[in-house]
1. From the list ARG116, ARG112, ARG136, which residue is on the phi < 0 side of the Ramachandran plot and surrounded by fewer than 15 Cβ atoms within 10 Å (Cβ to Cβ)?
2. From (1) farther than 21 Å from GLU28 by Cα; (2) open to solvent by 60 Å² or more (accessible area, probe 1.4 Å), pick out the condition that doesn't hold for ARG87.
3. Being surrounded by fewer than 16 Cβ atoms within 10 Å (Cβ to Cβ) and either within 29 Å of SER130 (Cα to Cα) or under 18 Å from the mean Cα position of the chain (by Cα) (or both) is the filter here; which residues of segment 90-109 pass it?
4. Could you figure out which of (1) open to solvent by 40 Å² or more (accessible area, probe 1.4 Å); (2) more than 24 Å from PRO144 (Cβ to Cβ); (3) modelled with pLDDT under 90; (4) not small (Gly, Ala, Ser) isn't true of ARG56?
5. Could you list, in sequence order, the residues of segment 1-24 that are touching a Ser or Thr at 6+ places or on another chain (Cβ under 8 Å) and of a type in the set (Gly, Ala, Ser)?
6. Looking only at segment 134-148, filter to residues that are touching a residue at least 24 places away in the same chain (Cβ under 8 Å) and part of a helix (DSSP H, G or I); which one of those is nearest to ASP63 (Cα to Cα)?
7. Name the one entry in VAL80, VAL73 that is surrounded by 13 or more Cβ atoms within 10 Å (Cβ to Cβ) and touching a strand residue (DSSP E or B) at 6+ places or on another chain (Cβ under 6 Å).
8. Name the residues in segment 15-46 that are touching a residue at least 24 places away in the same chain (Cβ under 8 Å) and basic (Lys, Arg), would you?
Amino acid sequence: MAGLPGSGKTTLARALEQQGFIRMCPDEQVWQEHGHYGRDFPRGQYRIRERPILDRITTELHDALIAGQDVVVDHGFWTVEERERWRAAGELAGAQVLFVYLPGDHDTLWKRIDERNRATYNDPNSMYFSKDDLRRHGNSFVVPGPGESPLVYDGHPATVLSALAADGDTPQSTR
């Protein structure tokens, strides 16, 4: 998946999890291992703490796909290079990879983030973000281009499941 905070990645990933997918979420693992972003460790150190977790999830992803399990990686994948690395990891394991883009305009994203901020100390998927954080992250996010062939998410998990079914037999990976 590719999308900014508030775009619906975790909501979609949880819906796929209900359909039997294994959901892998780096943010949750960072929270479990290091605590709350901005309270238990400085805001500028997120990527440093996330890196070894992403490496570990790459291995877990490979193992799950080799075992024939369906997987969704609940992560933003903000750059073309990052998306290509993870696509290659899935394909190396022999998986069918579907790239889903979750777009969102600033006002909609902010409304969701502002609501989510209320649970920030109790939910690993509710990292506190300000409007300035969202703008800054929005400037760092590379919108997928046609060469990446994304499925643009329409808010309905059934659309993703249908796209996977149309591409072949049982899906084995989505990101």
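The values are calculated or read from the model by the stated rules, or taken from the named source; none is laboratory data. None of these values were measured; they are calculated from a predicted model. Counting neighbours? That spans all protein chains shown, and the Cβs are built from the backbone with ideal geometry, glycine included. Areas reflect the complete protein model, heavy atoms only, side chains present, ligands, DNA and RNA absent. Shrake-Rupley method; radii C 1.70, N 1.55, O 1.52, S 1.80 Å.
1. Testing whether each residue is on the phi < 0 side of the Ramachandran plot and surrounded by fewer than 15 Cβ atoms within 10 Å (Cβ to Cβ) leaves just ARG136.
2. (2)
3. Within segment 90-109, GLU91, ASP105, HIS106, ASP107, THR108 meet the criteria.
4. Condition (3) is where ARG56 drops out.
5. If the condition is that a residue be touching a Ser or Thr at 6+ places or on another chain (Cβ under 8 Å) and of a type in the set (Gly, Ala, Ser), then GLY6 is the only one that fits.
6. Applying the filter and picking the extreme gives GLU148.
7. VAL73
8. ARG23, ARG39
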